[in-house]
Structure formats: structure tokens, C-alpha cells
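A quick write-up on the structure given underneath.
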Amino acid sequence: MKDLIQKVASHLAADRRIVVLTGAGISAESGIPTFRDPSEGLWARFRPEELASVEGFQKDPKLVMDWYFWRREKVLASKPNAGHQVLASWAQKFPGFTLITQNVDGLHEQAGSRNAIEMHGNIHRLRCFNKGHRGSWPLNGLPANCAECGSLMRPDIVWFGESLDPENLKKISHALQTCDIFLAIGTSGLVYPAAGYLQAVARLGKPTVVINKDPASDPGANFFINAPASEALLAIDSCLINS
Ligand code: NAD
């Protein structure tokens with residue numbers, strides 16, 4: 001493991017363009033369940049697609065808002081962990097650093113990461129269904145109507161089957177095309193388009209790194225670090241400090 005960590009660290013230098021993609025696994029150590037976590041308790045009987053889709057919302061807005069309200073409560077009760085903090089420090093250390101996250105919890109920003117691309121939105125915001133007017137969560141978490149156009153407010157999150165913000169897609173595409181190394185951290189590689197990023201970079205002949213605590217989750221990266229995200233990131237970071 002030490003050799004592997006040192007090899008990865010040797011690819012991270014000030015003149016390198018580094019792209020990091022994070023998924024729910026990086027926030028698991030902050031106590032936020034991943035989508036496929038049995039600790040979802042009473043929500044485990046629903047498929048993510050039933051709760052995180054336009055169809056699900058149209059069928060039962062209260063159910064969907066309840067679920068997001070519950071998730072947001074968990075986020076509000078949590079703090080960024082060492083993994084988020086290492087990545088925030090890398091943004092300072094490496095001028096060509098891009099952080100892309102599939103997470104909607106805002107913990108990267110809370111850890112100090114500025115300019116993280118939140119490709120799936122942010123759970124702390126609402127926007128209205130018809131026009132995209134922004135709003136904040138009502139204290140009771142119940143479905144509410146937009147103050148400007150009257151349509152229902154929904155979480156400002158990209159749901160299954162929805163398109164990503166074209167501005168974000170443009171920034172991501174540029175970062176992937178021009179990067180020198182790509183790291184995917186705590187993501188199952190099941191949700192597209194993010195699931196395709198590693199292969200896209202690999203096709204350009206650039207090194208790829210996967211950090212995941214599940215040994216079965218290696219998609220064929222050049223470097224697979226089978227460890228919890230914070231442990232792996234702290235270990236890589238300490239090699240940078242000592243080199
Ligand atoms: P996922 O739930 O599909 O997969 C999580 C991955 O993280 C798994 O491969 C798991 O083995 C790994 N993992 C779990 N704990 C880890 C740890 N401590 N260290 C390293 N790896 C760990 O998540 P996904 O790939 O991000 O895709 C699911 C979708 O749901 C995404 O859009 C995601 O953003 C969203 N989601 C977000 C949050 C959040 O904002 N925190 C939480 C759940 C789901």
C-alpha cells in the first residue's frame with residue numbers, strides 16, 4: 001500500500017493539472033449514507049429512482065420532499081471530514097486543480113473548496129418546477145409554491161433522467177481533455193455521465209486513480225487504492241509534505 005500511495009503522490013506536482021471526481025463515499029465518513037447504504041432505514045424500501053426523479057416527484061411531491069428534508073437534516077448535522085479537507089488544501093497547492101463532485105451535500109464547500117463543480121446540484125437549495133426560480137427550504141419541509149410563478153418548489157438537484165447544467169458540462173469536458181491525472185474517489189461508477197470520465201481520461205493515455213473501500217469497485221484504473229477515502233487522501237498528502 002505504501003508503494004502505491006507514493007507512486008500516486010509522485011504524479012501530483014504543482015505543474016500538473018489534476019482532476020478529482022468525488023461521490024457519496026467521500027461523505028460516508030461524515031455520517032451521510034450513500035445511496036446504496038442499508039442504513040437508509042425506512043427509506044431503504046424505495047428505489048433511488050422513485051425518490052430522485054421527476055416522475056417520483058409528480059406522483060408524490062410530499063414523499064420526495066420528506067426524503068430530501070430528512071437527508072438535509074443529516075447533512076446539517078454533519079461536518080466535512082479529513083478527506084474533504086485534504087482536497088480543499090490541494091486546490092490551494094495545485095494551480096491546475098479541478099474538483100468535480102456528484103455529491104449534493106455541500107461539504108466540499110464547507111471544507112473550504114471554492115469552485116467545486118457540483119454536477120448534481122445542492123440539497124440546501126430549492127428551485128421551482130416550471131421556471132427554475134431559486135428559493136430556500138421552508139422550516140416544515142412541506143411542498144411549497146414558488147413566490148414568483150406559483151409552481152411547486154423542488155430540490156435544486158439533477159434527478160435521474162435529467163440533463164446536467166451545460167455550463168458545468170463544458171467546464172468538466174475541458175478539465176478532462178486537458179488533465180494530467182484523474183482521481184475518482186468514493187464513487188460506484190454506476191451513475192452516468194460521471195461513470196464514463198475515468199475511461200475518457202484513460203483513452204487519452206493519462207494516468208487514472210481510484211480510491212474506494214470496496215475491493216470489487218476497481219474499473220481498471222492504473223492505480224487502485226482499496227481504502228477509506230480519508231485514510232488514502234491523508235496518506236497521499238503526507239507523501240506530498242515529505243517529498
Ligand atoms: P454510490 O452510493 O453509488 O457509491 C458510493 C461508493 O463509495 C461505493 O462504491 C462505495 O464502495 C464507496 N464508499 C463508501 N464508503 C467509502 C469510504 N469511506 N471511502 C471510499 N469509498 C467509499 O454513490 P455515487 O457513485 O456518488 O452515485 C450515487 C448518486 O447519488 C450520486 O449522484 C451521488 O452524488 C448521489 N448521492 C449523494 C450523496 C451526498 O451528497 N453525500 C449521498 C448519497 C448519494
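The values are calculated or read from the model by the stated rules, or taken from the named source; none is laboratory data. Everything numeric here is computed off the predicted structure, so don't read it as measured data. Side chains are part of the model used for accessible areas, which takes the heavy atoms of the whole protein and leaves out ligands, DNA and RNA. Shrake-Rupley method; radii C 1.70, N 1.55, O 1.52, S 1.80 Å.
To the nearest 10 Å², what's E55's accessible area with a 1.4 Å probe?
Accessible area, nearest 10 Å²: 120 Å².
Provide the per-residue ³J(HN,Hα) series for region 93-103, in order, calculated from phi with Karplus coefficients 6.51, -1.76, 1.60 and θ = phi - 60°, each as a whole number of Hz, with x at glycine and proline positions.
Values per residue, Gly and Pro as x: 6, 10, x, x, 9, 10, 10, 10, 10, 8, 7 Hz.
Classify the chain: rounded, prolate or oblate, from the alpha-carbon gyration tensor (a ≥ b ≥ c, eigenvalue square roots; a/c under 1.5 rounded; otherwise prolate if a/b is larger than b/c)?
It comes out prolate by the Cα gyration axes.
Pairs of alpha-carbon atoms within less than 8 angstrom and 6+ residues apart define the contacts here; what relative contact order does the chain have, in percent?
Value for the chain: 26 percent.
Using the alpha-carbon centroid of each, what span in Å lies between region 176-243 and region 10-32?
Using only Cα atoms to place each centre, the spacing works out to 8 Å.
With θ set to phi - 60°, apply the Karplus curve 6.51 cos²θ - 1.76 cosθ + 1.60 along region 186-195 and write out the HN-Hα couplings as whole Hz, x wherever there is a Gly or Pro.
Calculated HN-Hα couplings, in order: x, 10, 7, x, 9, 9, 8, x, 4, 4 Hz.
In degrees from 0 to 90, rounded to the nearest 10, what is the angle of the helix 166-178 Cα long axis to the longest principal axis of the chain?
In the chain, helix 166-178 runs at an angle near 10 degrees to the longest axis.
Pick out which of K79, K59, K206 has the largest mean-square fluctuation in a Gaussian network model of the chain, springs linking Cα atoms closer than 10 Å.
It is K59.
Can you put H108, H174, H11 in order of accessible area, largest first, using a 1.4 Å probe?
H174, H11, H108
List the residues whose amide H sits under 5 Å from the amide H of F97, counting only those 5 or more places along or on another chain, with H placed 1.01 Å from N in the peptide plane.
HN-HN under 5 Å from F97: I18.
Would you please give the residues with an amide H less than 5 Å from that of I225, counting only those at least 5 places away or on a separate chain, with H modeled from the backbone geometry?
Result for I225 returns V210, I211, N212.
Calculate how steeply helix 61-76 sits against the longest principal axis of the alpha-carbon atoms of the chain, using the helix alpha-carbon long axis, and give the answer as 0 to 90 degrees to the nearest 10.
Roughly 40 degrees, rounded to the nearest 10.
Give a residue-ordered list of calculated ³J(HN,Hα) values for region 143-148 (Karplus: 6.51 cos²θ - 1.76 cosθ + 1.60, θ = phi - 60°; whole Hz; x for Gly, Pro).
Result, rounded to whole Hz: x, 9, 9, 5, 5, 8.
Taking amide H atoms as placed 1.01 Å from N in the peptide plane, list the residues 5 or more away in sequence, or in a different chain, whose amide H sits under 5 Å from that of M119.
Counting only residues 5 or more places away or on other chains, the set is T101.
For the chain, what proportion of DSSP beta bridges, expressed in % and rounded to the nearest 5, is antiparallel?
30 percent
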